[in-house]
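What follows draws every value from the coordinates through simple rules; no lab data is involved. Worth saying up front: this structure is predicted, and the values here are computed from it rather than measured. Here the Cβ is made from the backbone with ideal geometry for all residues, glycine too, and neighbour counts use every protein chain on show.
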Amino acid sequence: MQSAVIVFPASNCDRDAATALEKVTGRKPLMVWHAETTLPKVDFVVIPGGFSYGDYLRSGAIAARSPIVRDIIKKAENGLPVAGFCNGFQILTEAGLLPGALMRNKGLRFICRPQKLHITNGDTMFTRAYKNTSEVTYPIAHFDGNYYADDDTLKELRKSGRIVFKYIDNPNGSLNDIAGICNAAGNVLGMMPHPERAVDPLHGGTDGIDLFKSILEAVR
């Protein structure tokens, strides 16, 4: 599997994502600068966490209009698997690939800690390798992680099984405890927690590995 990680000014989890992908796939991902206009031929794309453009205007708002994102939108609409973690989730909502918005945390504080999550849909291309596992722990590190959507959108997300992860003991006020969602086609995932930071025992846990294994199996 050939993967790619998109790099924006002030991305700070791009190398974490690259390390996770290489660990699982055995192949270094392509690091694609945001100003590129065409995505290389790849099987999977990660939009990493960080503070793209310093979170100026709104988190992810400027990055969502980068040249490379325009091409990612086209390719995602044609089935390319894409995952956005933390700031990547914010970028995906700002780009219109996922519904809703990420607002300031309810407590108006930056949160950085391990966070327990419930896998609410284990039958996606991002979660199938978890098999009988229903609870995982990923790190979180965000100020704008409070997921919001209107009632009709929330109803549709629940009805169609597009809520993939929920918080256990909601840390930020997200509606319905939502931590991660996918698009209607199931090939785009956005989540605030960081699976790419949960792939090495030295970092406190390896619960994130199976998310990347799920994608590898799906692409194969």
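Name the long-range amide H neighbours of Val164: under 5 Å, sequence gap of 5 or more, or other chain; modelled H, no Pro or chain starts.
The list, which skips near neighbours in sequence, is Gly180, Ile181, Cys182.
Between Ala185 and His118, what is the label-to-label distance in nm when each label sits 7 Å out along the Cα-to-Cβ direction?
Rounded to a tenth, the inter-label distance reads 3.0 nm.
Taking neighbour Cβ counts within 10 Å as the exposure measure, how do Met31, Met125 sort from fewest upward?
Met31, Met125
Can you give the local net charge around Gly107? Use residues other than it whose beta-carbon is closer than 14 angstrom to its beta-carbon, Lys and Arg +1, Asp and Glu -1.
Details: positive: Arg104, Lys106, Arg109, Arg113; negative: Asp144, Asp169.
The answer is +2.
Calculate the length of the line joining the C-alpha centroid of segment 92-148 to that of segment 1-61, in whole Å.
18
Neighbour counts of other C-beta atoms within 10 Å: give me Ile47, Ile68 arranged from fewest to most. Numbers along the way, then the final one.
Details: Ile47 37, Ile68 22.
By the 10 Å Cβ count, ascending, the order reads Ile68, Ile47.
Given 0.36 nm per residue, what is the gain on full extension from Asn132 to Lys106 after removing their alpha carbon distance, in nm?
Result: 6.1 nm gained on full extension.
If you bin the C-alpha pair distances of segment 3-219 every 10 Å from 0, what whole percents do you get?
Pairs per bin, as whole percents: 9, 39, 40, 12, 0.
Give the order of Cys86, Cys13 when sorted by the count of other beta carbons within 10 angstrom, beginning with the fewest.
Cys13, Cys86
Of the beta bridges DSSP finds with both residues in the chain, what % are antiparallel, to the nearest 5?
60
Which whole-number value in Å³ per residue fits the convex hull of the alpha carbons of segment 1-109? Don't skip to the end; give the middle numbers.
Numbers: hull volume 10.8 nm³, N = 109.
Given the Cα convex hull of segment 1-109, per-residue volume reads 99 Å³.
Which value in Å does the Kirkwood hydrodynamic radius of segment 165-215 take, with 1/r averaged over all unlike C-alpha pairs and then inverted? It would help to have the intermediate numbers written out before the result.
Working: mean 1/r = 0.0821 Å⁻¹.
That comes to 12.2 Å for segment 165-215.
In bins 10 Å wide, starting from 0, what share of all Cα pairs of segment 108-220 does each bin hold, as a percent?
The calculated distribution, bin by bin, is 15, 47, 33, 5, 0.
If the viscosity is 1.306 mPa s and the temperature 10 °C, what translational diffusion coefficient in µm²/s does Stokes-Einstein give for segment 35-99 when Rh comes from Kirkwood over Cα pairs?
Reported coefficient: 136 µm²/s.
Quick one: net charge around Asp144, please, counting Lys, Arg +1 and Asp, Glu -1 for every other residue with C-beta under 14 Å from its C-beta. Mind dumping the intermediate values first?
Details: positive: Arg58, Arg104, Lys106, Arg109; negative: Asp55, Glu94.
Once all neighbours under 14 Å are counted, the net charge is +2.
With the chain treated as a Gaussian network of Cα nodes joined by springs under 10 Å, which of Gly107, Gly145, Gly186 yields the largest mean-square fluctuation?
Gly107
Subtracting the Cα-Cα distance from 0.36 nm times the residue separation, let me have the gained length for Asp152 to Ala10 in nm, one decimal.
Value of the extension gain: 47.7 nm.
Please return the longest range in the chain lying between exposed loop sites, taking chymotrypsin sites (Phe, Trp or Tyr not before Pro), DSSP loop only, at most 16 other beta-carbon atoms within 10 Å, and leaving the sites out.
With chymotrypsin sites (Phe, Trp or Tyr not before Pro) excluded where exposed in loops, the chain gives 111-220 as its longest stretch.
Take Lys41 and Leu202, extend 7 Å from each Cα along the Cα→Cβ direction, and tell me the distance between the two endpoints in nm.
Spacing of the two 7 Å Cα→Cβ label points: 3.6 nm.
Local charge sum around Leu80 (other residues, Cβ-Cβ under 11 Å, Lys/Arg +1, Asp/Glu -1)?
Values: positive: Lys41, Lys74, Lys75; negative: Asp43, Asp71, Glu77.
Surrounding charge for Leu80 is 0.
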